[in-house]
Every structure is written in C-alpha cells, then in structure tokens.
Amino acid sequence: MKRFLSVAGILLTAGCASTGVQVDPGKMSTFERGITTRAEVEASLGRPTMVQTLQDGKVVITYTYADARVRPASFIPVVGLLAGGSDVRADSVSIFFDAQGRLESTQSTTSEYGTGVGLSAGNPCP
C-alpha cells in the first residue's frame with residue numbers, strides 16, 4: 001500500500017507545471033495611484049515578466065503567471081491520445097506608470113484554456 005501511495009503521489013505531482021510571477025492581491029492593494037513608484041512596485045512584487053516603454057515616456061510593467069495541469073486521461077494508453085491534454089490558467093497584471101515613474105493605473109486579466117488533440121483540443125475541463 002505504501003508503494004502504491006508513493007507512486008500515485010509522484011504521478012499526481014508530475015502532472016503540474018507553473019511559470020512566471022504570481023501577484024499577491026494583498027500587495028497590490030497597498031499601491032497608491034500617483035504616489036507609489038515603479039521601484040517600489042518592483043521591490044514588492046519582484047522583477048516583471050515584461051516591460052514596455054511607450055512613446056510618451058510612460059511605462060507598463062506586466063507580471064504573468066501560468067499554471068498547467070495534465071488531465072488524468074493523458075496517462076491512459078490510447079484514451080490519452082483522444083481525451084488527454086492539459087488545462088491552463090493564466091493570470092496577467094499590468095501596471096501603468098506616468099513619465100515620472102508614478103503609478104497611474106492597473107489592469108488584470110485571467111484566461112483558462114485547454115490544450116490537447118482530438119476531442120480535448122481547446123476545451124478546459126470543468
């Protein structure tokens with residue numbers, strides 16, 4: 001029984017992957033429009049995933065986090081080819097700064113999608 005539980009645990013954890021910077025909403029709530037600087041945001045949240053400098057001198061920094069989980073059906077021979085794949089949840093937070101480096105606004109998006117072939121392509125599992 002111990003061996004079964006060990007193998008089951010390994011298989012379950014092997015089916016997950018995440019990447020990027022996950023933004024804590026509690027930290028976001030401490031930032032003040034017109035007061036908080038880019039340096040303060042980066043000190044709190046870490047290095048952004050992407051930095052954009054706009055023509056007018058404004059800057060947008062973006063933090064992106066994605067979590068993928070392999071569907072259990074992927075591990076079943078033959079069935080995995082049709083019903084396997086993974087479910088992905090991606091979160092993105094963009095923080096806009098004026099030309100002086102002060103926080104102007106924020107925007108967040110969340111998306112969920114499935115990856116796979118056959119019947120499972122593009123459809124996240126509930």
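The values are calculated or read from the model by the stated rules, or taken from the named source; none is laboratory data. As the structure is a prediction and not an experimental result, all values here were calculated from the model. Quick reminder, even Gly has a Cβ in these numbers, built from the backbone with ideal geometry, and neighbours come from all protein chains shown.
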Query - Criterion violated by PHE4 - all others in (1) at pLDDT 95 or above; (2) over 18 Å from the mean Cα position of the chain (by Cα) satisfied - result: (1)
**Report entry** Hits in the stretch 97-122 - residues which are over 19 Å from the mean Cα position of the chain (by Cα) and at pLDDT 85 or above
**Finding:** PHE97, ASP98, ALA99, GLN100, GLY101, ARG102, LEU103, GLU104, SER105
Report task. With respect to VAL41, determine if the residue is part of a helix (DSSP H, G or I), of a type in the set (A, V, I, L, M) and surrounded by 18 or more Cβ atoms within 10 Å (Cβ to Cβ). Result -> yes
Requested in this report: Filter the stretch 44-79 down to the residues that are among the polar types (S, T, N, Q) and in a strand (DSSP E or B), then identify the one that is surrounded by the fewest Cβ atoms within 10 Å (Cβ to Cβ).
Outcome: THR53
Query raised in the report: of a type in the set (A, V, I, L, M, F, W, C), over 18 Å from CYS16 (Cβ atoms) and surrounded by fewer than 17 Cβ atoms within 10 Å (Cβ to Cβ) - does that describe any residue in the stretch 82-95?
Result: yes
Report summary line: Of the listed residues (CYS125, CYS16), the one being modelled with pLDDT under 85, surrounded by fewer than 16 Cβ atoms within 10 Å (Cβ to Cβ) and within 16 Å of the chain's Cα centre (by Cα) is CYS16
